[in-house]
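Asker: Pasting a structure here, questions to come.
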């Protein structure tokens, strides 16, 4: 299975090791000389020392689509060698063909099988960092210690708009390659028409699934497409935000997010803000969605009060918790 590594093309080569289920990166995408010139000397943060990680051996970023996941993956790839951690970046399906009863975004059977040897070898001095589009999961059900969970969220309307256009046009770097994926009829339907007509594509709430989790463990997470089921899914997602995640950053405040991660998980994220300042614009220019149009106030209001209202509610909680953590760590916005 192949995985796209943007900066290995844009900035430099990246040696990787193919596995049955994905790719484990094994070389910085920036040269050691470049990294040493932009990353400050490591500091021992007192706050981090006073708040040890739930699992210092295994950190999992179960990334949400269109929430800066490509940016985060490439920053981690740049830091892997310098900070001495083992980065694994999987596609949603571990094996091909994809058996969705055992694999993909919502099921973890194959994922945990693939990870078991890596988790066994991981240590606090050389942790395993997993990046994957994946619904929150109960790793203890697979006789594994629950990882330290992190994520990045995005304003739900902005995320929805980006996803809508991405399904049609893809990234700026290869505009139009997804047109056959979405189909001609949907390709021609504009966002405003889709929202105002309440088409199925514009009435979904996929954001919740990644935080709520797999319905294998939490049945209330399994029928989010049904508006009547979203309230229970929302409450489960809120519990996970408050009790299961070390931190969830905010894409619109990415530099402070990376600073917070650096303070809370210095073994992995030391130097992340500096790397972002060096290459973030390059990543953004290449991974932004093609042909994305601004959303009208009318469409934003209909989305926020309609199909995205539960996501908006969850985002408000995520943002409030995030801003409190910034204050706790003395990070100024």
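Asker: As an exercise: evaluate residue 254 against (1) within 19 Å of residue 156 (Cα to Cα); (2) modelled with pLDDT under 95; (3) in a helix (DSSP H, G or I) and give the number of the one condition it does not meet.
Answerer: Evaluating residue 254 over (1) within 19 Å of residue 156 (Cα to Cα); (2) modelled with pLDDT under 95; (3) in a helix (DSSP H, G or I) leaves (2) as the failure.
Asker: Name the one entry in 198, 145, 188 that is modelled with pLDDT under 95, surrounded by fewer than 21 Cβ atoms within 10 Å (Cβ to Cβ) and on the phi < 0 side of the Ramachandran plot. Show your work before the answer.
Answerer: Working: 198 fails: on the phi < 0 side of the Ramachandran plot; 145 fails: modelled with pLDDT under 95.
Going through 198, 145, 188 in turn, just one is modelled with pLDDT under 95, surrounded by fewer than 21 Cβ atoms within 10 Å (Cβ to Cβ) and on the phi < 0 side of the Ramachandran plot: 188.
Asker: So for the stretch 262-269 (the condition being in a helix (DSSP H, G or I), touching a strand residue (DSSP E or B) at 6+ places or on another chain (Cβ under 8 Å) and at pLDDT 95 or above), does at least one residue qualify? Working first, answer last.
Answerer: Here is the first cut: in the stretch 262-269, the residues in a helix (DSSP H, G or I) are 262-264, 266-269.
Add one more test, that the residue is touching a strand residue (DSSP E or B) at 6+ places or on another chain (Cβ under 8 Å), and what stays is 264, 268.
Now narrow it down to the ones that are at pLDDT 95 or above: 264, 268.
Looking through the stretch 262-269, at least one residue is in a helix (DSSP H, G or I), touching a strand residue (DSSP E or B) at 6+ places or on another chain (Cβ under 8 Å) and at pLDDT 95 or above.
Asker: I've got another one for you. Being buried (at least 20 other Cβ atoms within 10 Å of the Cβ), without any contact (Cβ under 8 Å) to a residue 60 or more places away in the chain and under 30 Å from residue 189 (Cα atoms) is true for just one of 224, 283. Which residue is that?
Answerer: After applying the criteria, what remains is 224.
Asker: Shifting gears a bit: Looking at 107, 138, which one is under 14 Å from residue 213 (Cα atoms) and surrounded by fewer than 17 Cβ atoms within 10 Å (Cβ to Cβ)?
Answerer: The conditions single out 138.
Asker: On the basis of being in a loop (DSSP other than H, G, I, E, B) and either buried (at least 21 other Cβ atoms within 10 Å of the Cβ) or more than 18 Å from the chain's Cα centre (by Cα) (or both), does residue 331 make the cut?
Answerer: Yes.
Asker: Now for a separate question. If I filter the stretch 201-210 for residues that are touching a helix residue (DSSP H, G or I) at 6+ places or on another chain (Cβ under 9 Å) and over 20 Å from residue 65 (Cβ atoms), do I get at least one hit?
Answerer: Scanning the stretch 201-210, I find no residue that is touching a helix residue (DSSP H, G or I) at 6+ places or on another chain (Cβ under 9 Å) and over 20 Å from residue 65 (Cβ atoms), so the answer is no.
Asker: Can you tell me which residues in the stretch 60-78 are more than 22 Å from residue 210 (Cα to Cα) and either modelled with pLDDT of 95 or more or out of contact with any strand residue (DSSP E or B) (no Cβ under 9 Å at 6 or more places or on another chain) (or both)?
Answerer: If the condition is that a residue be more than 22 Å from residue 210 (Cα to Cα) and either modelled with pLDDT of 95 or more or out of contact with any strand residue (DSSP E or B) (no Cβ under 9 Å at 6 or more places or on another chain) (or both), then 78 is the only one that fits.
Asker: Also, quick follow-up: Got a number for residues in the stretch 279-291 being part of a loop (DSSP other than H, G, I, E, B) and either at pLDDT 65 or above or over 16 Å from residue 65 (Cα atoms) (or both)?
Answerer: 1
Asker: Still on this model: Is the stretch 227-243 home to any residue that is assigned to a loop (DSSP other than H, G, I, E, B) and at pLDDT 70 or above?
Answerer: No.
Asker: Here is a check on your reading of the model: is residue 51 over 19 Å from the mean Cα position of the chain (by Cα), modelled with pLDDT of 50 or more, buried (at least 22 other Cβ atoms within 10 Å of the Cβ) and within 24 Å of residue 330 (Cα to Cα)?
Answerer: No.
The values are calculated or read from the model by the stated rules, or taken from the named source; none is laboratory data. What you see is a predicted model, and the numbers here were worked out from it, not measured in a lab. As a convention, Cβ positions derive from the backbone with ideal geometry for all residues, glycine included, and neighbour counts pool all protein chains shown.
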